[in-house]
Structures are given as structure tokens and as C-alpha cells.
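Engineer: Sharing a structure here in C-alpha cells format.
The values are calculated or read from the model by the stated rules, or taken from the named source; none is laboratory data. Since we're looking at a predicted model, the values are computed, not measured. Cβ sites come from the backbone with ideal geometry, for glycine too, and all protein chains shown count toward neighbours. Note: areas computed on protein heavy atoms with side chains; ligands, DNA, RNA excluded. Shrake-Rupley method; radii C 1.70, N 1.55, O 1.52, S 1.80 Å.
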Amino acid sequence: MVREGSSIDKALAVLEAIAEHHRITDIAAATGVSKSTVHRILQSLVEWGFARTDGNGGYEPGPRILTLAGRVMSRFDPARQAAVALRALHERTGFTTHFAIRSGDEAVYVEKLEGRRPYQMPSRVGMSLRLYSTAIGKAVLAQLDDDEVRAIVARTQPAKLTPNTVTGEKELLAHLVGVRAAGYAVDDEENVPGIRCVGAAVFDHTGQVLGGISISTLAMDLEPEALQELAPEVVSAAREVSLALGAPTTLTRR
């Protein structure tokens, strides 16, 4: 619903509503704007190319929306959009904070904020990370269906990197059930000995998993139980990043 008397809010509400509703009556009900006002706004949107008639007495998004979206996405930098939430997570926890984006069968770090510790994590922006043995990677895998996970396992042939690494297909699928239920993934010295991480998935504007964020520290600084206590902070930050990237709010409540 929109604020009473705000013509700009009403126009934006109608523009957003035509993504899901086509009839003036339905748009009016969804926005709380009167049918006569909805009709006037739609006429203006049609003139501007942001809406068009569907040939059945209804309306749908117009070609100018796609043109505008294309221009925006060509300059869209996920790391820049995520910056505020990542900095806030870093400030709240004091640990090294990562943002990685999935690239095929792996993920790539696109942002890293070093923790307030007398040491540095070996990760760096541009570095690739495995999906099966990292917190971000497992958070990503948990958002895929089992068949896709099986295909990734078949292509990548997971190796035992540490005594804790989850490698077998059945073992990994069972592990991901727990990740889905929890809403986050933990890397308990599974990728690199002596390093623990907790990560959560990030979604893009289409509702697909884009990558994930995590916090990392030396195992000697944080026991597994304490790391899991920080998981809600990571999940909350991942939700903020997803919203900044335009993800549907229903997905960010997972």
C-alpha cells in the first residue's frame, strides 16, 4: 500500500504491480490506489513505454523497462552493492569477511575485509574456492537440487583436503540436508587445516543463488560451538546483501 496523497509513490506502486497483475481491478487491490488513478497512471506508463496493453484489456511491463534494466545491469557491481552489509558484519564480529560469487563448479572471492587479528587469512580477491569443502561453497550447494549437486561432484571429483573434508556423494548430500535446515554452512577445518568459517547463501534479483558470504578465523581463536553462535550474524548479513542485489524477500526468509 502507498502513502495517501503521494503521486510518485502511487506511480511506482503501479509500475511494480504490473509485474504480477494485469487487470486494473487487481492492480488497484494490490496497491490500494483507486481504479481511476491506476488507469491514469497506466496511460502515462504506456506513453513512456514502461507499460503496454496486452490485447485482452489488461496491461503488462513495457519494453522500456527492459532497456533500463539492461543499462543498469551492465554497470551493476555486486561487491559494491554488498559493501554496506559486509562492512557491518565485519565490524560486528571482528573476523575476516568474504563475499564470493559462484562461477560454474567453483566460486570466486570478489570482496574480502581482513579481520582485526594479528594474522591474515590466506584468501584473496580473485581466488577460486571449492564448493564442497568451504562454508560459502556448501551454502551455495545447499540451494541446488540433488541432481545438480551430483553432477558437480561427478565433474570435480572432491578430494580429501583435510581429515574433516566431506567428499563422497552420499555423504555430501546428507551433509547438505543439515545445511538447508540450519540456513548456513560451517567449514570446520575442512578446506584448510586450522581455519574455521561459517557462511550463508546470497541470492540475486532472479531468485537464484549467486554466491555467499562468510566469516573466517583460525581454529585456535574460535571453537566450533562459538562459531555457530555467530551464524545468525552471517545469515542476517547474507539476507541484507541479497536484498541489496534485488532478491525477492520471500527467498531471503529461508
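Engineer: Given the chain, what count of lysine pairs have C-alpha atoms under 28 Å apart, with each pair 8 or more places apart or on different chains?
Structural biologist: 6
Engineer: Something else now. Highest mean first, what order results for 211-217, 160-166 on Cβ atoms within 10 Å?
Structural biologist: Going by the mean number of other Cβ atoms within 10 Å, highest first, we get 211-217, 160-166.
Engineer: Largest first, what is the accessible-area ranking of SER123, SER34 with a 1.4 Å probe?
Structural biologist: The residues order as SER34, SER123, largest area first.
Engineer: Another question about this same structure. Beyond 15 Å, what share of the Cα-Cα pairs of the range 95-152 is found? Please give it as a whole percent.
Structural biologist: Here the long-distance tail beyond 15 Å is 49 percent of all Cα pairs in the range 95-152.
Engineer: How would ARG40, ARG180 line up by accessible area, probe 1.4 Å, largest first?
Structural biologist: Accessible-area ranking of ARG40, ARG180, largest first: ARG40, ARG180.
Engineer: Rg over Rh of the range 82-227, using C-alpha atoms and the Kirkwood radius, what does it come to?
Structural biologist: 0.94
Engineer: Per Stokes-Einstein, at 10 °C and 1.306 mPa s, what whole-number D in µm² s⁻¹ belongs to the range 7-74, with the Kirkwood radius over Cα pairs as the hydrodynamic radius?
Structural biologist: 134
Engineer: Find, to one decimal place in angstroms, the Kirkwood hydrodynamic radius of the chain, where the mean of 1/r is taken over every pair of different Cα atoms and then inverted.
Structural biologist: In the chain this quantity evaluates to 20.2 Å.
Engineer: Provide the gained length on full extension for the span LYS170 to ASP147, in nm with one decimal, where the gain is 0.36 nm per separating residue minus the Cα-Cα distance.
Structural biologist: Net length gain for the segment: 7.1 nm.
Engineer: Could you tell me which of VAL235, VAL125, VAL108 has its Cα farthest along the dipole of the range 78-245 towards the positive end, charges placed at Cβ (Lys, Arg +1; Asp, Glu -1), taken about the Cα centre?
Structural biologist: VAL125
Engineer: Here is a further query. What's the longest uninterrupted piece of the chain once you rule out the GluC sites (Glu not before Pro) that are loop residues per DSSP with at most 11 other Cβ within 10 Å?
Structural biologist: 21-254
Engineer: At 7 Å along Cα-to-Cβ for each site, give me the label-to-label distance between GLN157 and ARG117 in nm.
Structural biologist: That separation, rounded to one decimal, is 3.3 nm.
Engineer: Lys and Arg at +1, Asp and Glu at -1: add these up for the other residues within a Cβ distance under 12 Å of ILE18 and post the number.
Structural biologist: Summing Lys and Arg as +1 and Asp and Glu as -1 gives -3.
Engineer: Moving on to the next point. Ranked from the most accessible area to the least, with a 1.4 Å probe and all protein chains present, what is the order of THR93, THR206?
Structural biologist: From most exposed to least exposed: THR206, THR93.
Engineer: Counting other Cβ atoms within 10 Å, keep those with at most 14, restrict to DSSP loop, and tell me which trypsin sites (Lys or Arg not before Pro) in the range 43-147 are left.
Structural biologist: ARG75, ARG116, ARG124
Engineer: Can you list residues from other chains, or at least 5 along the same chain, whose modelled amide H is less than 5 Å from the amide H of ARG52?
Structural biologist: HN-HN under 5 Å from ARG52: GLU60, GLY62.
Engineer: Further question on the same structure: Please report, for the Cα atoms of the range 123-195, the Rg to one decimal and the Dmax as a whole number; what are they, in angstrom?
Structural biologist: Gyration radius and largest Cα-Cα distance of the range 123-195: 11.5, 32 Å.
Engineer: Ignoring solvent entirely, what values of log10 I(q)/I(0) come out of the Debye formula for the range 76-125 at 0.15, 0.21, 0.25 Å⁻¹ when each Cα is a single scatterer?
Structural biologist: After summing over all Cα pairs, the log10 values are -0.42, -0.76, -0.97.
Engineer: How big is the accessible area of HIS39 in square angstrom, nearest 10, if you roll a 1.4 angstrom probe over the protein chains?
Structural biologist: Using a 1.4 Å probe on the heavy atoms, I get roughly 80 Å².
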